[in-house]
Amino acid sequence: GARKRAERYGRRRLLTASSPAEPALPPAESSSSPRRLYSPRDRALLIIYTTVAIDMLGSALTVPVMPFLVEALGGDASSLGLLFSTFAVAQIGAGLWMGAASDRLGRRPILLVSLAGSAVGMLGSAQAPTFRALLGWRFLLGAFSGTSATANAYIADITAPSERPKLMSWIGVIASLCFMFGPGVGAGLSELASFQPEIPL
């Protein structure tokens, strides 16, 4: 009895010791593991920042030439103030409707519509025959210049909560850089456009 039980116990231990060990599972990838460069998220962020830069730079480039354009259309200093105020009021409304529309229709379509509307407003402002027409085109331009709200919502969709403050802060940095260098670039381009070299016949 006791001897047979000891023999069975010994054989069981030998079988357990000779059985292959279970393969170890690979360690789970932690959130701090290095991410590959140029991931889909990085490309999306690049598109978002580029869209905001185009929108902001388009407004900043026109700042130095607006007084001369208003004067050419028969306006004065108060007309210039009214022009900038009209754009600002329309831009406030743009942030409201574009944010709500992007929730229903998607972020990318609204960003594309914003760029298209801004382009139309820029072209119309350049060809405005009267000051009232210029006011209307600037209002249209401001109504489609609410890319910041949609861009922030897009960033919130594709990033983790811990990353959002840093990534969203770049929207403000881009806007500041555009209005820091944009007027100077616009003034230089206006000087370049007025320079007409003599072509010998």
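The values are calculated or read from the model by the stated rules, or taken from the named source; none is laboratory data. Since we're looking at a predicted model, the values are computed, not measured. FYI the Cβ positions are ideal-geometry reconstructions off the backbone, even for glycines, and counts take in every protein chain you see. Areas reflect the complete protein model, heavy atoms only, side chains present, ligands, DNA and RNA absent. Shrake-Rupley method; radii C 1.70, N 1.55, O 1.52, S 1.80 Å.
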Can you tell me how much longer the chain between T130 and A101 gets when fully stretched, taken as 0.36 nm per residue apart minus their C-alpha distance, in nm with one decimal? 7.2 nm
Percent of alpha-carbon pairs separated by more than 19 Å within segment 51-201: 58
HN-Hα J couplings of segment 135-148 from phi, Karplus 6.51/-1.76/1.60, θ = phi - 60°, integer Hz, Gly and Pro as x? 4, x, 5, 5, 5, 4, 4, x, 5, 10, 10, x, 5, 5
Between the modelled labels at D76 and I158 (7 Å from Cα along Cα→Cβ) the distance in nm is 5.0
Accessible area per residue of segment 93-165 at 1.4 Å probe, in Å²? 50
Given points 7 Å out from each Cα along the Cα-Cβ axis, report the V120 to S190 separation in nanometres with one decimal. 2.7
Any chance you could tell me what percent of the C-alpha pair distances in segment 145-190 go past 17 Å? 45
Scattering curve values for segment 80-165, log₁₀ I(q)/I(0), Debye with Cα scatterers, q = 0.27 Å⁻¹: -1.20
Per-peptide average of other Cβ atoms within 10 Å, ordering 86-92, 39-45 highest first: 86-92, 39-45
I need to check one value: relative contact order of segment 24-182, counting alpha carbon pairs closer than 8 Å and at least 6 residues apart, in percent. 34
